[in-house]
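These notes are about the structure you will find just below.
The values are calculated or read from the model by the stated rules, or taken from the named source; none is laboratory data. A quick note: this is a predicted structure, and the numbers were derived from the prediction, not measured. Cβ coordinates were reconstructed from backbone atoms using ideal geometry, including for glycine residues, and neighbour counts include every protein chain displayed. Please note that ligands, DNA and RNA were not included when accessible areas were found on the heavy atoms of the full protein model with its side chains. Shrake-Rupley method; radii C 1.70, N 1.55, O 1.52, S 1.80 Å.
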Amino acid sequence: MEVKHQFSLAELNTFGLAVHTPLFIEVTTSLALQEVLKDPRFKNALILGGGSNVLLLQNLTRPVIKISIPGIRIIEENEQSAIVSAGAGVVWHDLVMWSIVNNLGGIENLSLIPGLVGAAPIQNIGAYGVELSDVFHNAIGIGRKTGDSKIFETKDCVFGYRDSIFKNELKDEYVITTLRLSLTKSKHKLHLEYGGISKTLDEMGVAAPTIDDVARAVIRIRSVKLPDPTKLGNAGSFFKNPIVLKSKATKMAKDFPDIPVYNIDENFTKIPAGWLIEQSGFKGKVFGNVGMHKNQALVLVNYGAATGTELWEHAQRVMDAVLSKFDVELEPEVNLIN
Ligand SMILES: Cc1cc2nc3c(=O)[nH]c(=O)nc-3n(C[C@H](O)[C@H](O)[C@H](O)COP(=O)(O)OP(=O)(O)OC[C@H]3O[C@@H](n4cnc5c(N)ncnc54)[C@H](O)[C@@H]3O)c2cc1C
C-alpha cells in the first residue's frame, strides 16, 4: 500500500473538481483497511468510493482512503433466490450487469447508477421504483474507532428515502467492506411502472420483458436524460425531492395548479425538486461556470472550471429561490465535504 502525498482528486470525483488531499491511500482488502484505520495519520480520513455523490468544497486538510475491495460471488442459494456478496470497491453497474448475466433479478432498475457498491447502502440508492433496501440482505462494516467488523441487517440500517443510519447516528463510524443482496433466480418481479420504462420497452419492441430488457430500457432512458459525468461534471440529483405535509401541498396547488405531487402516505406527499427548480427559473440557466442542467433541473453542473465553492454557492442560490417562491426547503442529496 503506497501512501501518496498532496494527491489530486480530480479524477476521483464526478464533478471533476481539482482539489488535493494531503495524504491518500487505496485499500483493496478488509485487512488492509483495518491496518490503515489504526494508523493515526488516517484518523479523520474521508472514505471515498467512486466520488459520484460528493461535493469537495475546497482542498482537503484531511486524508482520503479510497475503497477498492473487489469480488462478486454467490454465497447461498436455493431454487428461488440467491444471496450475492460484493466487495465495496466493485463498480455498482458492474454488479448489476453481473446479476443480469447470471439471471439474478432485483437490481435491474438500478442500472447505470454511478459509484461503487460500498456507498450504495449509505444513501440507500434508488431509481425507477426500486431502492437498495428492497434487495438488501446485510452489509459488513468495520468500525473506524474499534477496527472491529460488524454485520448490519436491514433493521439496523434504518433505511429511508436516500437515507440510512450511516448518514445519521452512525455517520463516519463504519466503513462498509461487503454488501450482500438477496436476488431472485426465478419468477422475477419486474417494476415497469416508473419513469417511462413500459413506454421505452414498447419502443424497443419488447412485449414480454426479461430483467435484461428492463436494464436495457433503464440504460436507454438514463443515457438520454442525465448528463454523462465524464463529459460534464455533475453528481446526479443534487437535491432530494422534498416531502411535505399533504395540507401544505393542497395549499400550494391553489397557487400552482400544475404542481406534480406523489403521495407517500396519508399525511405526506413528495414534490419533485426538479419542478420547483424549473419553476424558479433555473433550468438550463448558466451562472459563470455552473448551472442547473438544461434537460434535468435537479442536476447541478460544472461547465468546466468551477470550484467547489462556486457550485455550493449556486446550490444555495437555488435553495433560497425555491424557499422564497414556494416556502419549501430543499435539502442536498450530495455529501458536502470540507
Ligand atoms: C450522473 C449521476 C446519476 C446518479 N443517479 C443516481 C440515482 O439514480 N440514484 C441514486 O440513488 N444515486 C444516484 N447518483 C448518486 C451516486 O451515484 C450514488 O450516491 C452512489 O451510491 C455514490 O457512490 P460512490 O461510490 O460514488 O460514493 P462516493 O461519492 O465516493 O461517497 C458518497 C458518500 O458515501 C461515503 N462512502 C463511500 N464509500 C463508503 C464505504 N465503503 N463505507 C462507508 N462510507 C462510504 C463517502 O464518505 C461519502 O460520504 C447519481 C450520480 C451521478 C453522477
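A few notes on this one:
- Test: residue in the range 66-86 that is under 29 Å from E313 (Cβ atoms) and in contact (Cβ under 8 Å) with a residue 40 or more places away in the chain: yes
- When the range 295-327 is filtered for residues that are within 29 Å of K251 (Cα to Cα) and either at pLDDT below 95 or not aliphatic (A, V, I, L, M) (or both), the ones remaining, listed by number, are N295, Q296, H314, Q316, R317, D320, S324, K325, F326, D327.
- Pairing each residue of the range 111-139 that is of a type in the set (S, T, N, Q) and more than 10 Å from the ligand (Cβ to nearest atom) with any residue that is open to solvent by less than 30 Å² (accessible area, probe 1.4 Å) and not in a loop (DSSP other than H, G, I, E, B), provided the two are 6+ apart or on different chains, yields C-beta distances under 7 Å for N138/F152.
- Index of the failed condition, V158 passing every other in (1) over 22 Å from D228 (Cβ atoms); (2) open to solvent by less than 50 Å² (accessible area, probe 1.4 Å); (3) in contact with a helix residue (DSSP H, G or I) (Cβ under 7 Å, 6 or more places away or on another chain); (4) not basic (K, R): (2)
- Conditions (1) open to solvent by 20 Å² or more (accessible area, probe 1.4 Å); (2) within 23 Å of S52 (Cα to Cα); (3) touching a helix residue (DSSP H, G or I) at 6+ places or on another chain (Cβ under 6 Å); (4) in contact (Cβ under 8 Å) with a residue 12 or more places away in the chain: number failed by H191: (2)
- Odd one out for I219 among (1) crowded, with 19+ Cβ neighbours inside 10 Å; (2) under 18 Å from the mean Cα position of the chain (by Cα); (3) of a type in the set (V, I, T): (1)
- Test: S99 is under 17 Å from I165 (Cβ atoms) and more than 10 Å from the ligand (Cβ to nearest atom): no
- Test: residue in the range 201-219 that is at negative phi, part of a helix (DSSP H, G or I), within 16 Å of the ligand (Cβ to nearest atom) and among the small types (G, A, S): yes
- For the range 49-58, taking the residues that are assigned to a loop (DSSP other than H, G, I, E, B) and buried (at least 16 other Cβ atoms within 10 Å of the Cβ), the one that is farthest from the ligand (Cβ to nearest atom) is identified as L57.
- When the range 11-48 is filtered for residues that are outside any strand (DSSP E or B), open to solvent by 20 Å² or more (accessible area, probe 1.4 Å) and under 18 Å from N335 (Cβ atoms), the ones remaining, listed by number, are L12, T14, G16, N44.
- Taken over the range 269-314, the criterion of being assigned to a strand (DSSP E or B) and surrounded by fewer than 16 Cβ atoms within 10 Å (Cβ to Cβ) is satisfied by V286, F287.
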